[in-house]
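Since every read-out is calculated from the coordinates, none of them should be taken as a lab result. Keep in mind the model is a prediction, meaning the values are calculated, not measured. Virtual Cβ from ideal backbone geometry, glycine too; neighbours counted across all protein chains shown.
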Amino acid sequence: REIGDELGAAHIVEGAVQRAGDTVRITAQLIDADTDEHLWAESYDRTLTAENLFEIQTEIAKSIAAALETTLTPEEIARLGRPRTSSLEALAHYQRAYRSQSALDLDAFERIDDALEKALALDPDFAAAYAFRARTTLTRYWIIDQDPALAAAALDDIEKARALEPELPEAAVAEGYYHYWVNLDYGQALAVLDPLREAYPNDPDVLGLMSWVNRRQGRADLAVSQLQRALDQDPRDPDKWASLGRTMGALLDYDAAEFAIERLGELDANAPRLNELRAMLALDRDGDVRASGDHWAAGIGQIPYAPPLAWRAYLAAEDWSAALAIATMDIEGADFLQLEPATMTAITRRLAGEADAIQALEAARDAALPLPEDPVKREGAILSLCLLDGMLGNAEDADRNCRAAIEETRPDVFSEANLNALAAEGLAQAGLNDAAFERLEIAIASVYPRSRNSVRLNAFLTPLHDDPRWADLLERAPE
C-alpha cells in the first residue's frame, strides 16, 4: 500500500529474476495496492537471449492488461515485442546510458556517450541506440555548446535510426528534439510528435517533450497538464519533476514548485537541478539574493548555466569578491548569458565603483566586434553589447543593440520575459528610461512573468530607482 501511495498506482507489478548459466527464470505477479490481493502471477523459463527477453516482456504486458480488463493498442504490442538488439551486452550498455540521462552534470554526457559507443560497437544495427545518442547530443547542444557540428551529428544519428527502423518511436522523439532545440521550429516539432501521441497516448517521453514545446509557445495550462500526465505514468523520473518545478516557478506558483522540489529531493537528494530550483525560489519568492547566489554556486560544475546566474545574484547582494570569484573561474558554461569571463570581471569592477574599470569595459566591447557570422554567437554578442554600451554611456549604440537583441534572438513565450529584462538592463544603464520601462512592462506582463523581487533586486536596474515610474512598476509586478 505504501508503494502504491508513493507511485499513485492502484496496482503494483512485482518480479524476480533468477539466472543459471544460459537459462533465466522470470517471475511476475500483479497485486492490488489497496487490498494486497494477488490478481495474477506467472513464471517464465527461457534460454537467455535478447529476443526472449522482449518476448517475455510482451507476454507479461498482455497478461497484466487482461487481468485489468484493459486493451493494449497494436502499436503498443508491436513496440513491446520488438527486439531492440540481438546482443545482451549491447542492451546492457544501452540501459546503462539510459539510466544516466537524468543527471545534468557535465560528466554524464561522457558516461552516456561511452556506453552508447560500446553498444553500437557490439551491434551496429542498434537503431534505438542511434536515436538515444542523437537525443543526448541534442541535449548537449541545447544546454552547453550550440556548435553546428553537434546538431549535424545528431541529425546523422536520427537518419541512421530511421534507415534501420523507419517506424521507430525513439527516432521520432529525437527528431522532435531536433526541431525544438536546433531549428526552434515548435510547430514542426509538434507535427512530428502528434502521430506518436495518437499511437502512444501515455508515453511519458512523448508527453514530456510535448509539454516543453507547448511551454515555449505559451500554452502553460496544456504544458502543465501534459507534464503531470507524464509523471502519472513515470512518477520516479527526476528530470520531469525538475521540469515541473521549473515551469511552476516560472508561473510564480511557488507552492506547486515547492512540491515538485520536494518530490525531486525524495528521489535524488543530490540531484543537480535541486540547486537551480532552490535558487529560483530564493530569489523570486523570498527575495534573498545571497541564498540564491549560494544555491547557484553549489551547482557549478553540475549545471552548465550556474556560473553566470550565481554571479548575477552576488552582484545584487553587492558581494563584489564573490562575484569576481565566479567571473574569473575557468569553467565550461561561464559565457552562457552571452558574457565572457573578462566582460563579467569588468562589469563587476565597474558596479563596485572602480573608476579604472571603464578601460576594461571598452576592451570587452572591442572584443565583441566584429559580430560573429554564426547566428547563435551573433545573438549573444549583440546582447553583450547592449549591456556594455549602456554601462559605457553609449546611449545610441545601446539603444540599437538592445533593440537588435530582441529582434534577432526570436524569443519564444517562455524566454520573452527574460530577454526583455536583459535588454532593459542595458537601456537603464544608458539612461534610456523610457525604453527600459517599455521592456520591463513586457517582462512583468508575460505568461511567465518576471517576479517583483527579480526586478527589484536586479543590480543593473538601479539607475531606474529614482524614476517615479519605478514604484508603480514594482507595485504592479506579480509577486
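Odds and ends about this structure:
- Over the chain, relative contact order from alpha-carbon pairs under 8 Å, at least 6 apart, %: 8 percent
- Rounded to the nearest 10 degrees, the angle from helix 88-99 to the longest Cα principal axis of the chain is 40 degrees.
- In sequence order, calculated HN-Hα J values of segment 227-241 (Karplus, 6.51, -1.76, 1.60; Hz; x Gly/Pro): 5, 5, 5, 4, 6, 4, 7, 9, x, 10, 8, x, 5, 6, 5
- Distance between the C-alpha centres of segment 357-421 and segment 191-227: 33 Å, rounded to the whole angstrom.
- Angle in degrees between helix 413-429 and the longest Cα principal axis of the chain, rounded to the nearest 10: 20 degrees
- Here the peptides 465-472, 30-37 are ranked by packing, the mean other Cβ count within 10 Å, and the order with the highest first is 30-37, 465-472.
- 3J(HN,Hα) couplings calculated from phi for segment 166-177 with the Karplus curve 6.51 cos²θ - 1.76 cosθ + 1.60 (θ = phi - 60°) are, in sequence order, x, 9, 5, x, 5, 5, 5, 4, 4, 5, x, 4 Hz; Gly and Pro show x.
- Taking amide H as placed 1.01 Å from N in the peptide plane, the amide H of LEU39 sits under 5 Å from that of LEU30, ILE31, ASP32, each at least 5 places away or on another chain.
- Taking Cβ atoms as reference points and 13 Å as the exclusive limit, the residues near ASN394 contribute a net charge of -4, counting Lys and Arg as +1 and Asp and Glu as -1.
- Contact order relative to length of segment 247-370, as percent, for alpha carbon pairs under 8 angstrom and 6 or more apart: 15 percent
- Crossing angle, helix 254-267 versus the chain [Cα axis fit, 0-90 degrees, rounded to tens]: 50 degrees
- Only one of (i) 149; (ii) 221; (iii) 408 was calculated from the structure for volume of the Cα convex hull per residue in Å³, and its label is (i).
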